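Below: one structure, written as structure tokens.
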Amino acid sequence: MIEARISSVRMIEVSALVPDDPSSRGFPPQSRAISVYDQYHPAEGWQLPAGPQRKSCLYLEIGTTAGVTGRYGPIDQEAVAPLAEGMASSLLGLDALASTFIWDMLQRGNRHSRHGNRKIAISAVDNALWDLKGRLLGLPVWRLLGGSGRTQVPAYASTLGAFHGEGEVEQTAAELLNEGYTAQKWFFSDGPAQGAEGMERNVALVERTRATVGYRSELMFDAFMSWDPAYARRWCARVEHLRPDWLEEPFPTGAIESFAQLRASTSVPLATGEHLYDRHDILPFLQRGLLSVLQVDPEWCGGVTELVRMCAMAETFGVQVIPHGHGIRAALHVVASQSPEVCPRVEYLFHHEPGRHFFEVDAPAPQGGSFALPSLPGFGIELAEDRIKESNDVFAVS
């Protein structure tokens, strides 16, 4: 029997100065909840500062008495404080393989653990423990979860960061189709505060992408919680004939009645979930049949442990789970372990994921629109020492 007690927990920050990218134009305008205020919705988007930029990433490492260490990252900054202020030290001496017990202990240990920064911290611990378990047993996480009936996992291309200028939408959409992606998601530049002109741009985005890819590719659209019901109904009525494959997060996730009103008024499928943090959050959406796709995030919702539970719940209601693509490691392994009927694909933010995994060896990337099944133990996260110029402990307990 394997004996592995948690002997250390540390968060490391790795960093380096990376060269300026003269081809980068920064970040285009995106409709966000705060876009109701003009001063927070710059028409030209956000420009990057000139010159080399300091890039840094956080990784959580959990050491054991067996001499094996689990790792997960990059970790969101929001997870640092809960871990450093007591959560990390509460892990010392526990059975590292008892991840279900540890998850429950952390969830019950603080009244605010269900949501927000504490849930992000629990997610980091849970994912690092799954990596540790894989390294102890010499198996990738997807095999620990029951294996896979697939040889590869399809991805949809998420275009966050893509500009919508003349010809640019068409060029990007065509390139993604030619690269083998059979689905792509686009982000709106405008919301209700941008008036009739903004609505026309949002309608035109559907028309332009559909005209480019025809029906050879699924097309999804993300409003990032920035619309209201009346605006969403008008948009749906304008584009319904173009058959968008889903409208994502038109409202804040707490606005369940807004989702219900929209669901009753349109045939456009609805999706949400990245800002839902536990089974209690998703249950009313499932019970009321409001969603076609659930997009919970294993780096925010409680890690692999909770995402697998959510997949089982969603399957009961006939709702697909396509995890939010903030990070790809945990999502890829869970999707690989599930039926394609439940988890048909993963999200890949092609503008952002390469930079997010800059400090890693063999960062995950799709080929021909699909990921090969990972083969390394755990999540296979190994740091590229030649890219790291500085490495510091943010905190460490042992």
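The values are calculated or read from the model by the stated rules, or taken from the named source; none is laboratory data. This is a predicted model, so every value here is computed, not measured. When we count neighbours, we look across all protein chains shown, and the Cβ atoms used for this are built from the backbone with ideal geometry, even at glycine. Just the protein is used for accessible areas: all its heavy atoms, side chains included, with ligands, DNA and RNA removed. Shrake-Rupley method; radii C 1.70, N 1.55, O 1.52, S 1.80 Å.
A compact table of results
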{"quantity": "Residue selected from the range 274-308 under the condition of a type in the set (Phe, Trp, Tyr) and surrounded by 24 or more Cβ atoms within 10 Å (Cβ to Cβ), by the criterion nearest to residue 158 (Cα to Cα)", "calculated": "300"}
{"quantity": "Matching residues, the range 97-120, being open to solvent by 80 Å² or more (accessible area, probe 1.4 Å) and in contact with a Lys or Arg (Cβ under 7 Å, 6 or more places away or on another chain)", "calculated": "112"}
{"quantity": "The range 83-96 - residue that is closer than 24 Å to residue 4 by Cβ and free of Cβ contacts under 8 Å to residues at least 60 places away in the same chain and, of those, most open to solvent (accessible area, probe 1.4 Å)", "calculated": "90"}
{"quantity": "The range 238-268, subset surrounded by fewer than 17 Cβ atoms within 10 Å (Cβ to Cβ), under 25 Å from residue 182 (Cα atoms) and not charged (D, E, K, R), residue farthest from the chain's Cα centre (by Cα)", "calculated": "241"}
{"quantity": "Filtered residue count, the range 317-333, keeping only those that are touching a Lys or Arg at 6+ places or on another chain (Cβ under 8 Å) and surrounded by fewer than 22 Cβ atoms within 10 Å (Cβ to Cβ)", "calculated": "0"}
{"quantity": "Pairs, first over 28 Å from residue 139 (Cβ atoms) in the range 379-396, second part of a helix (DSSP H, G or I), C-beta under 8 Å, six or more apart", "calculated": "394/80; 394/84; 395/80; 395/83; 395/84"}
{"quantity": "Scope the range 298-327; condition under 9 Å from the mean Cα position of the chain (by Cα) and either under 19 Å from residue 146 (Cα atoms) or free of Cβ contacts under 8 Å to residues at least 40 places away in the same chain (or both); matching residues", "calculated": "298, 323"}
{"quantity": "Condition met for residue 336 (outside any helix (DSSP H, G or I) and either open to solvent by 10 Å² or more (accessible area, probe 1.4 Å) or at negative phi (or both))", "calculated": "no"}
{"quantity": "Residues of the range 155-180 that turn out to be touching a residue at least 40 places away in the same chain (Cβ under 8 Å) and closer than 17 Å to residue 211 by Cβ, as a count", "calculated": "8"}
{"quantity": "Residue within the range 117-130 that is in a loop (DSSP other than H, G, I, E, B) and touching a helix residue (DSSP H, G or I) at 6+ places or on another chain (Cβ under 7 Å) present", "calculated": "no"}
{"quantity": "Residue list for the range 203-223, restricted to those being within 13 Å of residue 247 (Cα to Cα) and either assigned to a strand (DSSP E or B) or open to solvent by 20 Å² or more (accessible area, probe 1.4 Å) (or both)", "calculated": "218, 219, 220, 221, 222"}
{"quantity": "Residue in the range 309-316 that is part of a helix (DSSP H, G or I), in contact with a Gly (Cβ under 8 Å, 6 or more places away or on another chain), open to solvent by 20 Å² or more (accessible area, probe 1.4 Å) and more than 17 Å from residue 115 (Cα to Cα) present", "calculated": "no"}
{"quantity": "Breaking point among (1) within 24 Å of residue 345 (Cα to Cα); (2) modelled with pLDDT of 95 or more, for residue 278", "calculated": "(2)"}
{"quantity": "Residue in the range 61-82 that is loosely packed, with under 13 Cβ neighbours inside 10 Å and either among the acidic types (Asp, Glu) or in contact (Cβ under 8 Å) with a residue 12 or more places away in the chain (or both) present", "calculated": "no"}
{"quantity": "Any hit, the range 29-43, residues being under 26 Å from residue 395 (Cα atoms) and either exposed (fewer than 14 other Cβ atoms within 10 Å of the Cβ) or under 23 Å from the mean Cα position of the chain (by Cα) (or both)", "calculated": "no"}
{"quantity": "Within the range 151-202, tally of residues that are outside any strand (DSSP E or B), touching a helix residue (DSSP H, G or I) at 6+ places or on another chain (Cβ under 7 Å) and of a type in the set (Phe, Trp, Tyr)", "calculated": "1"}
{"quantity": "Residues within the range 342-379 that are buried (at least 21 other Cβ atoms within 10 Å of the Cβ), part of a loop (DSSP other than H, G, I, E, B) and either hydrophobic (A, V, I, L, M, F, W, C) or modelled with pLDDT of 95 or more (or both), tallied", "calculated": "9"}
